[in-house]
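The values are calculated or read from the model by the stated rules, or taken from the named source; none is laboratory data. Every value quoted in this text rests on a predicted model; they were computed, and no experiment measured them. In this analysis, Cβ positions are derived from the backbone assuming ideal geometry, glycine residues included, and neighbour counts consider all displayed protein chains.
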Amino acid sequence: MAHKQNKSEFIDIQALFRNYLRHWWWFAISVGICGICAYVYVKTHPKEYVVRANVLVSEDDTGSFTAMSGMSDLFGSSANVEDEVFIINSHSVLRDVSRKLGINKIHMVKTGFLSSKLAYPKFPVDVYAAPAITDTLMSSIEFKVDVAKNGTADIEAKVGRNTIAEMDDAKLPAMLETSYGRFVVNTTDSYKKGEEVESTIWLNGHDATAEDLAVSVKSDKASRKSNMIELYIQSPNSLYGVDVLNNIVANYNERAINDKNQQGEKTKAFIDERLALISGDLSEAESNIQRYKQDRGIVDVGAEASYNMNVRGAAESALVQARTNSELVKMARDFLRQPENAYELIPGANDMGAASGAVSTYNSLIMRRMELSANARGNNKVLKALDKQIDAMRATINSTLDRAYETSLVAVRDAQAEANKARGKLGNVPAQEREFLGLQRQQAVKQQLYLFLLQRREETSMLLANAIPKGRIVDEAYTLKEPVGMGKFQVLAIAILIGLFIPIFLLYMQRFLRTKFEDVDELKKLTDVPVLGEVCVDKSGECPAVRPNDTSSTSELFRALRTRLGFMLKPEDKVIVVTSTRSGEGKSYVSLNFAVTMALLGKKVLLIGGDIRNPSLADYLGLPNRAGLTTFLANPQTPLNTLITPFNGVPNLSVMVAGPIPPNPAELLASHAVEDLFERLRQEYDFIIVDSAPVGMVSDTFNLDRIADATMYVCRANYTTRTDVRFFNDVYDDKRLTNMSLVINGTHSVGRYGYGYGGTHTHTSTK
């Protein structure tokens, strides 16, 4: 069993390999086409280089004025790197880069057959348009500019497949009037006079260019816990990639500095407003002291009274500070609760005591939202998420400010108590001195607040003057040494493999999906019916194909059939019935040539047309069908010699045609006349070949089986279906035909028979 299985597998491989060899031209064409495609690909796809840049996102410095710096830990880091990744690759940043570098125009210059290069930053020809056009242009305009040696140019402007402007032999500079606006085409300083140039320029709007850059420029965090952002881009021109990444980082930092300055300016304006108020109060306090001294001639007060007044002054200064902080918190709370200020910065974030940290963090989120809202379009998911974060934090800030305000009121009450205590100690001080020292105390409090605000303004001014970029450049844009992608030899190798794979796959699928068998080996896997032999394709056009002294492949195959059938027959066996499943499989062709082969042995052979419903044998042989088998079956008294005709050209071979079509063919073939006829013929002939009807169409052949000694069942390669195979398998299993064996017609077996001598016939009959 194992040996049989191994043999079957070996035959499978052989059959598959033979099938591939038979279709060698498929492989040649496929490899050729894929090779051409590989050549075109290599020429039209230049090598691309990877350009990288690394940026470290710094933490926001919010602790300078924060009274409670630990609040930042409560609300998380102010440097949200994921948001910064979005900002650095945002639409507005990329749009500004497009404007600065002018990369909304892509210049491709032809360098050879099918090959072009990206010309940057210098190019021989350019297209100029008004800024208003490039700011609003929604479609990509393709300009094909061919400059001749004499300096004239053929220009064609297209949007998609539609030509919007065209000029031939135009003198440069040339002006194109289109529905999109006016464009000027001209050479640049890089153009060499007398040079032929074929250039293609794609002009896009800055918004469209920004969208393209958003796809080509990749940005991501270096790691989950890292503040490092990695930027990279692939481009056939490394200088283009370097300029794009460096300008993206520069624009990102410029925007971040502007955002910080905006926040600082708002804080500075708030401090200036407070300074103006305190300055007026301080001037008034100093004027009151001066007038009091002049009116009452006071030079100095007692030391004890002065001390007590200083204590009271400190207490009341603390009271003023507490009230100031309380007012700042109340102002921030009221500001935040107004609907129109939902996404506005809270002023005075650094002077609100315990709430300063929370307010600073909130302001950082507001600044980030300002940036995102300027960059985002439509229903941006990142912006929506940030709005939810701000809304949630606003509720937290409200609670924080409420608690801070309550705390400030407690501080005010405590400071008021201390001030009242200090006032009580001045009860024994003369009224005049007490009044004077009170004026001094008010002046000291106002002066202290004034100095405090001056300090804050100075610190804010220093930050504005020394704004640090948001992203510290760790690695400026640099180009990797080796280009990415496959080399030309790799592309060629892959193309060859694909070229080999395609016909292999197609032939396999053809073999797998087809409903017909192709050769003997394949048929043997589908049936247990013994295979007597095969008949190869024959194109000689001769009838019969087998002739005396013929050594063609066809003749040798029929001789092989004769030999194998001889081993199957007993000495007394003479009647051989030839049938098939359906017409067109070549049973008449096999019947005739097999009969000729038997006659060449010197045997007396009779060929009978047994298909009485469709008597095609007479037509095939060019004989009249006036009298034949049906004539005798209808009238057994008919002399046989009148129904049998010698076959011209082949000694010992005679033919009995089917005769006229009877009205009752089944009854005729079932009659005793059949036995009588073949009993008489057995006595006179050595072999009787009956070309019977197809068993898959009528039952006539089964009626003739009682007189048959062997049955040759003809099937045809690439014609007989698997359904037909299942049919004759059932016939064989049910033993409905005597001594049944298969003859395969229409195979390609020239190489296996004939041994290379004699003529070679390549004809297949379907009779």
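The requirement of being in a helix (DSSP H, G or I) and surrounded by fewer than 19 Cβ atoms within 10 Å (Cβ to Cβ) is fulfilled somewhere in the stretch 216-233, by at least one residue.
When 287, 283, 306 are checked against the criterion of being surrounded by fewer than 19 Cβ atoms within 10 Å (Cβ to Cβ), at pLDDT below 70 and among the polar types (S, T, N, Q), a single residue qualifies: 306. Any residue in the stretch 652-671 that is touching a residue at least 60 places away in the same chain (Cβ under 8 Å), surrounded by 16 or more Cβ atoms within 10 Å (Cβ to Cβ) and not charged (D, E, K, R)? Checked against the condition, which is being touching a residue at least 60 places away in the same chain (Cβ under 8 Å), surrounded by 16 or more Cβ atoms within 10 Å (Cβ to Cβ) and not charged (D, E, K, R), the stretch 652-671 yields no hits at all.
Within the stretch 31-59, residues that are in contact (Cβ under 8 Å) with a residue 40 or more places away in the chain and polar (S, T, N, Q) sit with their Cβ atoms under 6 Å from residues that are surrounded by fewer than 16 Cβ atoms within 10 Å (Cβ to Cβ) and part of a loop (DSSP other than H, G, I, E, B), at 6+ positions apart or across chains, in these pairs: 44/114. Every listed requirement among (1) surrounded by fewer than 20 Cβ atoms within 10 Å (Cβ to Cβ); (2) modelled with pLDDT of 90 or more; (3) not assigned by TED's automatic domain parsing to the domain that holds residue 145 is met by residue 61 save one, (2).
Would you check if there is a residue in the stretch 490-498 being modelled with pLDDT under 80 and either surrounded by fewer than 13 Cβ atoms within 10 Å (Cβ to Cβ) or in contact with a strand residue (DSSP E or B) (Cβ under 6 Å, 6 or more places away or on another chain) (or both)? No. Selection of the stretch 112-139 for residues being of a type outside the set (A, V, I, L, M), part of a strand (DSSP E or B) and within 30 Å of the chain's Cα centre (by Cα) yields 115, 116, 117.
Which one of 707, 689 is buried (at least 16 other Cβ atoms within 10 Å of the Cβ) and farther than 20 Å from residue 583 by Cα?
Result: 707 is the single residue among 707, 689 that is buried (at least 16 other Cβ atoms within 10 Å of the Cβ) and farther than 20 Å from residue 583 by Cα.
On inspection, residue 612 fails the criterion of being out of contact with any strand residue (DSSP E or B) (no Cβ under 9 Å at 6 or more places or on another chain), of a type in the set (A, V, I, L, M) and loosely packed, with under 15 Cβ neighbours inside 10 Å. Restricted to helices (runs of 4 or more DSSP H) entirely inside the stretch 468-574, those with at least 2 residues that are under 30 Å from residue 682 (Cβ atoms) and polar (S, T, N, Q) are 553-568.
Put simply, of 145, 159 the only residue that is modelled with pLDDT of 90 or more, surrounded by fewer than 19 Cβ atoms within 10 Å (Cβ to Cβ) and of a type in the set (A, V, I, L, M, F, W, C) is 159.
Filtering the stretch 121-135 to residues that are farther than 24 Å from residue 241 by Cα and either in contact with a His (Cβ under 7 Å, 6 or more places away or on another chain) or surrounded by 13 or more Cβ atoms within 10 Å (Cβ to Cβ) (or both) leaves 129, 133. From the list 657, 674, exactly one residue is within 26 Å of residue 545 (Cβ to Cβ) and in the same structural domain as residue 714 (by TED's automatic domain parsing). Which is it? Of 657, 674, the one residue that is within 26 Å of residue 545 (Cβ to Cβ) and in the same structural domain as residue 714 (by TED's automatic domain parsing) is 657. Scanning the stretch 140-178 for residues that are under 22 Å from residue 195 (Cα atoms), in a loop (DSSP other than H, G, I, E, B) and small (Gly, Ala, Ser) yields 148, 151. Of the residues in the stretch 166-204, how many are aromatic (Phe, Trp, Tyr) and closer than 19 Å to residue 110 by Cβ? Of the residues in that region, 2 qualify.
Within the stretch 714-721, can one find any residue that is part of a strand (DSSP E or B), modelled with pLDDT under 90, of a type in the set (S, T, N, Q) and under 50 Å from the mean Cα position of the chain (by Cα)? Scanning the stretch 714-721, I find at least one residue that is part of a strand (DSSP E or B), modelled with pLDDT under 90, of a type in the set (S, T, N, Q) and under 50 Å from the mean Cα position of the chain (by Cα), so the answer is yes.
In the stretch 10-40, the qualifying residues are those that are closer than 30 Å to residue 118 by Cβ and touching a Lys or Arg at 6+ places or on another chain (Cβ under 9 Å), and the one that is surrounded by the fewest Cβ atoms within 10 Å (Cβ to Cβ) is 39.
Restricted to the stretch 566-585, and to residues there that are at pLDDT 90 or above and among the hydrophobic types (A, V, I, L, M, F, W, C), the residue that is farthest from residue 724 (Cα to Cα) is 575.
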